[in-house]
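Here is the structure we will look at, set down as structure tokens.
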Ligand SMILES: Cc1cc2nc3c(=O)[nH]c(=O)nc-3n(C[C@H](O)[C@H](O)[C@H](O)COP(=O)(O)OP(=O)(O)OC[C@H]3O[C@@H](n4cnc5c(N)ncnc54)[C@H](O)[C@@H]3O)c2cc1C
């Protein structure tokens, strides 16, 4: 039996590890096909100290049950006797977030009030969404369930900048997030129970997984774009018998698939068509569509494969784009002034949101080093704009059309820091255009995301963020791991079933904590 995995992001790598660990498949019978030159997908790490790093921000929590179950098996790079899971939790126990200044207004005043500005009506509306069955939320938007005032509250700003949701986004996904993260409500401002990787996700998660898979014989084929999948003609059943892939030099190859083999396909990426700029250049938009091209092809004329157009394609970008930026700085001026402004030492403040900035900027000052080979004296921090298509206040352009220097000037303008020129000269700001990063939030209908095993499929599983599993929330490596685990469990019928999704609405401790927010704060 051979296993073919399309996509070398965390989901594809997790699938390979679970095939070995849960289903006893020998590593040398597993091949991962990755279209990019690098493994890691959304958990990317680009650039270097000279050109400036480019990496994603980091938001996790303790209830990522499938992912951490797997990572308990994987040794960390620092110490083979310490698992990646233990390294992660030890770091978070030793360095918890204690955000003292989460939101500031245009006068640099901290915004934080009782009950996060929520009225009793808002709280009831939240409770109503939490208990409404998903079938009744089909295709509906969050804004349909709340008054316009709700979207001006501190709660909404905290929520949307941590989780990514906008008023026009999916009520189904919002319900799932509310129920999943209800226990975080009291700590939204301090982010006390929000977790992050000890350093960037690529080195924290991707490298150790690859280091575990490689000696077990797993084959990694990078620069290999899977273009099409062929099925054995038969009534009511779908058995993959072939797939075609193209290599970086344009050469194509076809692989025969036996009925007892298994094919696991990542159907899309939040990092699809990602492009980076520099201090002097804005990111050039890409339009390759490669990350979801295979899904689109599979879904042509087959409704059991869902609807990729609900998430991908030019009309979707306006409601899903973020521009992130990673700053590598070699002077202490920025960090010193930031520490003074927020009262949080580097790494202990979660996000700083500049409420009145046109782009709705949020900044994250990482615990250092953020990159393991970062030179001594260098400092890496990160930020993103929730509304990158609006004009800035100091640079009156859309954020996605700005160079790194322009974005940094905008940030410094809002913060009113001294020694701006020293900061500019000692910093490299790399902007990164992510046109689809927030598309998991787009209003969707049931059936837009196909099931993990499409109807009739005998040896094909779908994995990643664009596949339907009950209750769980997307924009998480947990979701990708869960889909991989479920697909393997269902197709091979080996190993344990995935653990259940944590549901805060049934956890008395979580409910008590929420009650305290609404009643006693
Ligand atoms: C900026 C950013 C920040 C994020 N932060 C977090 C976070 O803090 N916490 C969290 O849990 N999650 C976060 N995520 C979500 C994150 O992407 C996922 O948790 C995780 O990386 C998903 O893994 P995946 O393998 O499903 O998808 P991806 O990581 O997107 O990987 C999919 C891979 O499949 C490849 N592929 C697609 N089609 C083909 C094909 N036909 N042939 C070959 N290869 C193909 C793509 O090239 C890509 O590399 C973030 C994402 C982004 C973009």
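A few comments on the model shown:
- Members of region 231-242 that are within 16 Å of the ligand (Cβ to nearest atom) and either surrounded by 15 or more Cβ atoms within 10 Å (Cβ to Cβ) or not in a strand (DSSP E or B) (or both): 240
- Residue in region 413-436 that is assigned to a loop (DSSP other than H, G, I, E, B), under 30 Å from residue 294 (Cβ atoms) and touching a strand residue (DSSP E or B) at 6+ places or on another chain (Cβ under 9 Å) present: yes
- Within region 430-446, restricting attention to residues that are more than 15 Å from the chain's Cα centre (by Cα) and within 16 Å of the ligand (Cβ to nearest atom), the residue that is surrounded by the fewest Cβ atoms within 10 Å (Cβ to Cβ) is 430.
- Residues within region 243-268 that are assigned to a loop (DSSP other than H, G, I, E, B) and surrounded by 14 or more Cβ atoms within 10 Å (Cβ to Cβ), tallied: 4
- Residue pairs meeting the criteria (Cβ under 7 Å; at least 6 apart or on separate chains; first at positive phi, in region 119-135; second in a helix (DSSP H, G or I)): none
- Residue in region 454-471 that is in contact (Cβ under 8 Å) with a residue 12 or more places away in the chain, part of a loop (DSSP other than H, G, I, E, B), surrounded by 24 or more Cβ atoms within 10 Å (Cβ to Cβ) and more than 13 Å from the ligand (Cβ to nearest atom) present: yes
- Scanning region 43-70 for residues that are near the ligand (Cβ under 7 Å from one of its atoms), closer than 21 Å to residue 404 by Cβ and modelled with pLDDT of 95 or more turns up just one, 56.
- None of 4, 28, 102 is surrounded by 18 or more Cβ atoms within 10 Å (Cβ to Cβ) and over 30 Å from residue 157 (Cβ atoms) except 4.
- Filtered by the rule that a residue be over 21 Å from the mean Cα position of the chain (by Cα) and under 19 Å from residue 179 (Cα atoms), region 472-498 gives no residues.
- Meets criteria (away from the ligand (no atom under 12 Å from the Cβ), closer than 24 Å to residue 491 by Cα and surrounded by 19 or more Cβ atoms within 10 Å (Cβ to Cβ)) for residue 226: no
- Output for region 243-298, where each listed residue is more than 11 Å from the ligand (Cβ to nearest atom) and on the phi > 0 side of the Ramachandran plot: 250
The values are calculated or read from the model by the stated rules, or taken from the named source; none is laboratory data. What you see is a predicted model, and the numbers here were worked out from it, not measured in a lab. Because the Cβ atoms are built from the backbone with ideal geometry, glycine has one as well, and the counts that use them run over all protein chains shown.
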